[in-house]
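Below is one structure; the comments refer to it alone.
Each value in this text was obtained by applying a stated rule to the coordinates, not by laboratory testing. The shown structure was predicted, so the numbers you read here are calculated from the model rather than taken from an experiment. Quick reminder, even Gly has a Cβ in these numbers, built from the backbone with ideal geometry, and neighbours come from all protein chains shown.
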Amino acid sequence: MIQNLWISVFSLSLSIFAFTAQAQTIDFPNKPVRIVVPFPPGGATDITARIVAEKLSAKWGQAVVIDNKAGAGGNVGSDLVAKSVPDGYNIVLGVTGSHAINVSLYKKMPYHPINDFEPLSQATIYPNAIVVNPQVPANNLAELIALLKKEPGKLSYGSDGNGTASHLGMEVLKHKANFQLTHIPYRGSTPMITDLLGGTLMVGITGLPAVQPHLKAGKLKMIAITTAQRASGTPDYKTVAEQGVANFNAAPWAGFFAPKGTPKPVVDKLARDIAEALKQPDVVQKMNELGSTVVGNRPDEFRVFLNQQIEMWAEGIKISGATVD
């Protein structure tokens, strides 16, 4: 009987331990969470992060702080999170550049886009938009290319920065359509859009969500979007492919990552809550209006997508000859 009593006590202890561990997992987060955005405020990535942060803060009852750490095509902010304490309180909204392009573009990377992170959930996929100042006498891609070929070297284009999806997308387009256009890299979309609106820059390429308000206001003109199909929220915007450059598809995306080594229960909760936030009807509507499509997939699905993206953009870098080192 004593032996049976000890067995019962031991079983009860295990149950209490399991319940306590579960309670600790459920208790996360119990302090503010930081989402690092590796670009300046105002761009497509920043907009997405703030929309999701608002939902997460409401669900958790904790502040979710946006911390913009721009530089090196997303490397600065991403590296900050890669080297942070792996407890779930520092995550990054990585992008095509920081987690797919840069590993092939830079000779020396401060982190590996998969090995140094726990993929949580892909947030969105969205078009880059090729836009022009209203002074440019072109209303579609064919007219812009004709203008560039007629007056080579007259115009320049701005991108979100060296090695970003906007930069590489335009370089691949230049290669495929055989025209010249000098590249001016910016530190994110906000300063580039400022120059576009002011008329010191005539052509730009950046995430559609960042330029959508200016397009609606008539302050910029849409030339083309870079996805294979038209965006569901903006069906009037024509793609590069349907305007004569066959099979062109250079779609940027954004996704959430935690540092490698973050405990699995925390990773699972972050992934589940982020995906839930993304799929709320008002979030989907907001993202569609901005030109983004919500994804909200699982960590394993996101990891497969990442590997495919790294391979695809490596080929794009080879075609373009782009380099930043």
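Each part gets one Cα centre, and for the range 183-220 versus the range 258-283 those centres are 32 Å apart. The string of couplings for the range 164-171 from the Karplus curve (6.51, -1.76, 1.60, θ = phi - 60°) is 6, 4, 5, 4, 5, x, 5, 5 Hz, one whole number per residue in order, with x for Gly and Pro.
In order along the range 188-204, phi translates into HN-Hα couplings of x, 6, 4, x, 5, 5, 4, 5, 4, 5, x, x, 7, 10, 9, 10, x Hz, rounded to whole numbers, per the Karplus curve 6.51 cos²θ - 1.76 cosθ + 1.60 with θ = phi - 60° and x for Gly and Pro. Quick check: from the Cα gyration tensor, does the range 128-243 come out rounded (a/c under 1.5), prolate or oblate? It is rounded, given that a/c, with a ≥ b ≥ c, falls under 1.5. Above 33 angstrom, tally the Cα pairs of the chain and express them as a % of all pairs, no decimals. Counting pairs separated by more than 33 Å, the tail of P(r) holds 29 percent. If the segment from Ala146 to Asp195 were pulled out straight at 0.36 nm per residue, it would be longer than the present Cα-Cα gap by 15.3 nm. Would you grab the residues whose amide H sits under 5 Å from the one on Asn90? Only those 5+ places off in sequence or on another chain, please, with H modelled 1.01 Å from N. Under 5 Å from the amide H of Asn90: Arg34. Each Lys or Arg adds one and each Asp or Glu takes one away; over the other residues whose Cβ falls under 15 Å from the Cβ of Asp46, this sums to +2.
Close amide H partners of Ala224, meaning residues 5 or more places away or on another chain with modelled amide H under 5 Å apart, are Ile130. What net charge is computed for the residues neighbouring Ala277, neighbours being all others with C-beta under 13 Å from the C-beta of Ala277, Lys and Arg scored +1, Asp and Glu -1? Net of charged neighbours comes to +3. Using the Cβ-Cβ distance between Ala228 and Ala314 with R0 set to 22 Å, the FRET efficiency works out to roughly 0.70. Each residue of the range 30-39 is assigned a 3J(HN,Hα), and the resulting list reads 10, 7, x, 10, 9, 9, 7, 9, x, 8 Hz, derived from the Karplus form 6.51 cos²θ - 1.76 cosθ + 1.60 (θ = phi - 60°), x at Gly and Pro.
Highest mean first, the peptides 69-79, 229-239, 295-305 sorted by other C-beta atoms within 10 Å per residue fall in the order 69-79, 295-305, 229-239. Charges were assigned to the Cβ only: +1 to each Lys and Arg, -1 to each Asp and Glu. The resulting dipole of the chain about its Cα centre is roughly 360 debye. Charge dipole (Cα centre; +1 on Lys/Arg Cβ, -1 on Asp/Glu Cβ; no other charges) of the range 128-243 amounts to roughly 100 debye. When the Cα positions of Leu120, Gln62, Leu141 are compared along the charge dipole of the range 34-155, Leu141 comes out farthest toward the positive end, with charges on each C-beta of Lys, Arg, Asp and Glu. Taking the DSSP bridge list for the range 128-243 and keeping only pairs wholly inside it, about 55 percent are antiparallel.
Note on the chain: dipole from Cβ charges, positive end direction compared against Val95, Gly42, Gly204; the farthest Cα belongs to Gly204.
Lysine pair count for the range 198-325 with Cα-Cα distance under 21 Å and sequence separation of 8 or more or different chains is 7. Here the contact order of the chain, divided by its residue count and restricted to Cα pairs under 8 Å and six or more residues apart, works out to 26 percent. Rounded to the nearest 500, the 222 nm mean residue ellipticity of the chain from helices alone is -14000 deg cm²/dmol, with -39,500 (n - 2.57) taken per DSSP H run of at least 4 residues.
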